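Report on the following structure.
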Amino acid sequence: MVAAASAPQALPAGAGPVNRTILALLFLLAVQVLLAGVLAWSGKNELDERQQLLPAGRELQVDEIRIADAADSEVVLRQVHGQWLLPELQNLPASQQRVTRLLETLARQPHGFPVANSAAARQRYRVTSYQFHRRLGFYHGQELLETVYLGRSPAYRQVYARNSRSNDIYSLRYSNHDAPATANAWLDRNLLQVAAPSRMEIAGLRLERSNDQQWRTRDGHRADGKAVERLLKLLRELKVTGLADEDMQRSLAEDGAAQRIIRLRQGGQDRVLELLVLEGQFYAKDARYPLFFIVDPRQYLALLQFDRQRLTGASAAQVAPSKSIEETGN
């Protein structure tokens with residue numbers, strides 16, 4: 001006998017509406033989670049944009065920077081063939097490291113949340129278009145890309161900063177002293193340094209680096225390795241401390257006489273470095289540049305101490321004089 005099929009069990013009263021309510025609540029919860037995720041993502045992007053005083057990638061477009069202070073002084077830094085130059089100083093090299101630090105500080109340094117954004121705060125912190133400690137104009141050609149104001153300092157090596165396109169003010173790990181408005185302050189202090197010459201002529205002695213990496217005189221004698229290394233170290237570390245002023249530039253050009261001329265061959269290029277003293281100040285002139293530089297007195301005097309006897313380790317009688325332009329004065 002076949003058993004009769006059991007009849008379906010009836011749902012409890014009210015179960016249908018309860019299930020629909022639960023499904024509706026779950027749907028609303030899913031929508032809320034989705035919206036929260038979208039808002040969090042967009043909020044993070046907005047924060048990322050607000051954390052940069054130079055928008056992402058903008059620093060790569062900049063080829064000219066103009067820095068002004070409250071006293072109306074201004075310096076222009078211009079990039080030519082990948083190198084930052086100072087037009088005011090006849091296109092002498094600027095400190096590439098210093099310019100890079102400025103750009104990277106504004107473009108990449110995380111600044112957190114704004115410290116303020118009101119009109120009163122902009123005046124109080126000196127980051128308005130008419131009250132500032134530094135105004136930084138970033139250009140591509142003649143097009144002004146961005147303007148950033150640096151104002152008061154809230155603490156040591158910190159400064160308030162604002163992009164002119166926004167009211168938000170940030171506390172920046174930087175200093176107004178790091179962005180001077182004078183060309184001399186941006187001058188590359190290492191521009192006279194000599195990295196690895198292959199030939200030198202100093203004090204009438206010509207030295208060349210041979211294939212075995214030894215320094216030898218013109219007649220093949222080995223030079224004093226320790227003395228040559230001390231000389232090379234001085235040339236690698238030679239520091240510019242400033243520029244001669246306009247009057248001294250003229251005096252050096254007209255009356256300056258070199259105490260020491262160093263001729264160098266580096267990277268297939270010839271260089272001539274002259275050391276001069278006038279009115280108790282020590283100067284250097286590099287044939288690659290049009291102006292006279294002030295150099296460290298200790299380095300200057302140390303370079304004068306190298307003579308042929310010291311560099312060869314031989315007695316004065318053993319060192320055959322080399323005919324050179326330094327000796328003949330031609």
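Read-outs: derived from the displayed coordinates by stated rules, not from any lab. Worth saying up front: this structure is predicted, and the values here are computed from it rather than measured. Note that we place each Cβ from the backbone using ideal geometry, even for glycine, and neighbour counts take in every protein chain shown.
Per 10 Å bin, what is the whole-percent P(r) computed from every C-alpha pair distance within segment 199-312?
Final binned percentages: 13, 45, 30, 11, 2.
Please report the Cα spread of segment 163-239 along all three principal axes, rounded to whole Å, starting with the longest.
Between the extreme Cα coordinates on each principal axis of segment 163-239 lie 72, 24, 20 Å.
At 0.36 nm per residue, and after removing the present C-alpha to C-alpha distance, how many nm does the segment from Gln90 to Glu254 gain when stretched out fully?
Computed gain between Gln90 and Glu254 is 57.1 nm.
Please report Rg (one decimal) and Dmax (integer) in Å for the Cα set of segment 64-186.
Considering segment 64-186 through its Cα atoms, Rg and Dmax are 14.2, 43 Å.
Tell me the net charge near Ala183. Cut-off is 10 Å between Cβ atoms, Ala183 excluded, with +1 for each Lys or Arg and -1 for each Asp or Glu.
Residues near Ala183 contribute -2 overall.
Which value, in debye to the nearest 20, gives the size of the charge dipole of segment 226-300 about its Cα centre, when Lys and Arg are +1 and Asp and Glu are -1 at the Cβ?
Using only the charged Cβ atoms, the result is roughly 660 debye.
Tell me the label-point distance for the pair Glu246, Gln61, using the 7 Å Cα-to-Cβ offset, in nm and rounded to one decimal.
3.8
For the modelled label position 7 Å from the Cα of Gln83 along Cα-to-Cβ, which residues of segment 252-275 have backbone nitrogen atoms closer than 20 Å?
Label zone hits: 263-274.
Under the Karplus relation 6.51 cos²θ - 1.76 cosθ + 1.60, θ = phi - 60°, what is the ordered set of whole-Hz ³J(HN,Hα) values for segment 245-250, x standing for Gly and Pro?
6, 4, 5, 6, 4, 5
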